[in-house]
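**Q** Please read through the structure below; I'll follow up with questions.
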Amino acid sequence: MSLHKSRLSDWGRKSLVTAVAVFAILQLGLAAAIETWMPQLRDPLYGDKLNQLKSRIAQAPADTPLVVMLGSSRTVHGLDAETLEREMTRQQRQPVVAYNFGLPGAGTFTQLVCLKRLLAEGIRPDLTMIEVLAPVLSGLIPPHEFQQYPADRIWRRDIPLIERYTRDAFPGRQLSGEWWRGWWTPFYTHRFAIMRTISPAFVPSEGRSHLFAKFDERGWNAMPVQVRTPERYQAALNTARREYAAELSDFELGGPSCQALREMLEICRAEDMPVALVLMPEGDEFRSWYPPGAWDQIDAFLKGLSDEFSVALINGREWIGEDDFLDSHHLLVPGADRFSRLLAQQTPPALGDRQAAGRGRKSSGNLRLR
């Protein structure tokens, strides 16, 4: 009887050790997969868009020029990259690949993070369009941008950059320690992103946020005109006023968002990557919230950057009328179509030859901006 119990005890210990080993292997395997080929489980919307962009690049001939626009929700809804691609292809008299890399809730700092991530992936566009979100060029980075970067949403290589920009807002934060704690338990840390992939209906409300935003194959989220009813327009306008009007009322240029914009241009210059700064359209109502003198500051700052870094500055603020916005700054489909066509007309007259660099694109440096 004791021998039987001993064998059962040995079997139990072996089973427990095996279960722990299998669990550890699964955890480490998932952690490694997230770091290498499943970015949508770490930063879901960024990962979705990265996978889309890689697919677009892979489908195109190796010498096809690549145009990528980084931006906020204004870009998400306002840039129809298919229209931009078609118009630029006609203008350039050669095929062009265009992609909308706008992200909901993004600002200048988020664009900087995305730019550095794309370069780490070996993706170097022939033309990088950078949305200038003018309202955030004052004071601190908006609080909602910090919410984009909990430890579970970033890669380890992001940590120095994020700590540099957020140390004042989060003094004493040990982001690296938080990141490693999450890295060892990916099934828990990334549970909402995993559920989004295999069983989206079971994702609880606190895990949804923008996880279920939809994009076409070129990254655009189209808002049809039918969503703008008089009641919806007024409610959306009131939300935009709460988010921006008070901040704009005492606008004073400066702060980390200006620094992040400059850093992006410094990176692009070091990488020999052509750039265009783009001011997205704003409706009459939204433009009325800027105080006197604010645009003198913004205009001087952006023209100074344009001259210093020899980059194009495309001002589309007044291109679209109020009726083509949901809330005076997010474009509906007709406004996005018109904006995308006009933007194509402002892009360079010639995109130079390109050399493939792995799955990314290496700029030839032949692009000259108007």
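**Q** Looking at PHE251, PHE187, which one is surrounded by 12 or more Cβ atoms within 10 Å (Cβ to Cβ) and part of a loop (DSSP other than H, G, I, E, B)?
**A** PHE251
**Q** Exactly one condition in (1) part of a helix (DSSP H, G or I); (2) under 20 Å from GLU282 (Cβ atoms); (3) in contact with a strand residue (DSSP E or B) (Cβ under 9 Å, 6 or more places away or on another chain) is false for PRO135; which is it?
**A** For PRO135, the failing item is (3).
**Q** Right, something else. For the range 69-84, indicate whether the set of residues that are assigned to a helix (DSSP H, G or I), touching a helix residue (DSSP H, G or I) at 6+ places or on another chain (Cβ under 7 Å) and at pLDDT below 95 is non-empty.
**A** There is no residue in the range 69-84 that is assigned to a helix (DSSP H, G or I), touching a helix residue (DSSP H, G or I) at 6+ places or on another chain (Cβ under 7 Å) and at pLDDT below 95.
**Q** OK, next. Please specify each residue of the range 109-128 satisfying the condition of being surrounded by 21 or more Cβ atoms within 10 Å (Cβ to Cβ) and over 27 Å from PRO349 (Cα atoms).
**A** Matches in the range 109-128: PHE109, THR110, VAL113.
**Q** Could you please let me know if THR83 is under 15 Å from the mean Cα position of the chain (by Cα) and more than 30 Å from TRP180 (Cα to Cα)?
**A** No.
**Q** Could you tell me which numbered condition GLU282 fails, if it satisfies all but one of (1) assigned to a loop (DSSP other than H, G, I, E, B); (2) farther than 17 Å from GLY107 by Cβ; (3) among the charged types (D, E, K, R)?
**A** (2)
**Q** All but one of (1) in contact with a helix residue (DSSP H, G or I) (Cβ under 8 Å, 6 or more places away or on another chain); (2) crowded, with 17+ Cβ neighbours inside 10 Å; (3) assigned to a helix (DSSP H, G or I) hold for ARG157; which doesn't?
**A** Tallying (1) in contact with a helix residue (DSSP H, G or I) (Cβ under 8 Å, 6 or more places away or on another chain); (2) crowded, with 17+ Cβ neighbours inside 10 Å; (3) assigned to a helix (DSSP H, G or I), ARG157 fails exactly one: (2).
**Q** To continue, here is another question. For the range 191-237, which positions are among the hydroxyl-bearing types (Ser, Thr, Tyr) and modelled with pLDDT of 95 or more?
**A** Scanning the range 191-237 gives THR229, TYR233.
**Q** Could you list, ordered by first residue, the pairs with Cβ atoms under 8 Å in which the first is in the range 50-76 and within 16 Å of MET129 (Cα to Cα) and the second is in a helix (DSSP H, G or I) and among the hydroxyl-bearing types (Ser, Thr, Tyr), at least 6 apart or interchain?
**A** Every condition considered, the pairs that remain are MET69/THR75; SER72/THR110.
Rundown of residues vs (1) aromatic (Phe, Trp, Tyr); (2) without any contact (Cβ under 8 Å) to a residue 60 or more places away in the chain; (3) part of a loop (DSSP other than H, G, I, E, B), yes/no style:
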| position | (1), (2), (3) |
| --- | --- |
| TYR99 | yes, no, no |
| THR110 | no, yes, no |
| CYS114 | no, no, no |
| ARG117 | no, no, no |
| GLY122 | no, no, yes |
| THR128 | no, no, no |
| TYR149 | yes, yes, yes |
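**Q** Quick one: TRP289 ticks every box in (1) hydrophobic (A, V, I, L, M, F, W, C); (2) in contact with a helix residue (DSSP H, G or I) (Cβ under 9 Å, 6 or more places away or on another chain); (3) under 30 Å from PRO65 (Cα atoms) except a single one, so which number is it?
**A** (3)
The values are calculated or read from the model by the stated rules, or taken from the named source; none is laboratory data. What you see is a predicted model, and the numbers here were worked out from it, not measured in a lab. Methodologically, a virtual Cβ is constructed for each residue, glycine included, from the backbone with ideal geometry; neighbour enumeration extends over all protein chains shown.
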